[in-house]
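Heads up: the structure comes next, in structure tokens.
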Amino acid sequence: CVFPPAIRFALARLGAGDSVLVFCDRGDSRAPTVAAAILLALFTADGKRLCPPPPPADRRVFCKDDVRARLAVMQGHYPAAQVPRSMLRELWRFFCSPGCGWLDLDVSVPVVDV
């Protein structure tokens, strides 16, 4: 799953005051999916304010409406950003399922710039 390293990278860069560009070489909708994951993990519901995730013990599982709300924020700024159903399922599995990866994500793991 690409979400954990992408979220850690974005948190490190945004926390340092940098901008983050999410793109995909293949052009197959992975970039909007990763951008939505970053919005879910690191921003307030309206997508306007950086809000680092709480410790794993204090996190809650997101609901599908949370995912849809972040997608709406992203598509409000970039209407061409589309997340296909298969990628949407990946977001739901990572953020909305009991025992999901979001609940265990350790954002304190050092980021290695490539």
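The values are calculated or read from the model by the stated rules, or taken from the named source; none is laboratory data. All figures in this text were calculated on a predicted structure; none of them were measured in a lab. We work out accessible area using only protein heavy atoms, side chains counted, and drop any ligands, DNA or RNA first. Shrake-Rupley method; radii C 1.70, N 1.55, O 1.52, S 1.80 Å.
Each Cα pair under 8 Å and six or more residues apart adds its separation to the average, and for the chain the resulting relative contact order is 31 percent. Counting only heavy atoms of the protein chains and using a 1.4 Å probe, S29 has close to 40 Å² of accessible surface. Per-residue surface analysis assigns V2 an accessible area of about 90 Å², computed on protein heavy atoms at 1.4 Å probe radius. I'd like the distance separating the alpha-carbon centroids of segment 1-27 and segment 76-94, in whole Å. When both Cα centres are located, 16 Å separates them. For the pair W92 and D106, the difference between a 0.36 nm per residue extended length and the Cα-Cα distance amounts to 3.2 nm. Considering only R59, R26, R68, the mean-square fluctuation computed in a Gaussian network model of the chain, springs between alpha carbons under 10 angstrom, is largest for R26. Computed on protein heavy atoms with a 1.4 Å probe, the accessible areas place R89, R8, R70 in the order R89, R8, R70, largest first. In segment 1-61, the C-alpha radius of gyration followed by the widest Cα-Cα span (Dmax) gives 11.9, 36 angstrom.
Answer rounded, prolate or oblate for the chain, using the Cα gyration tensor with square roots of eigenvalues a ≥ b ≥ c: rounded when a/c is under 1.5, else prolate when a/b is larger than b/c, else oblate. Judged from the Cα gyration tensor, the chain comes out rounded (a/c under 1.5).
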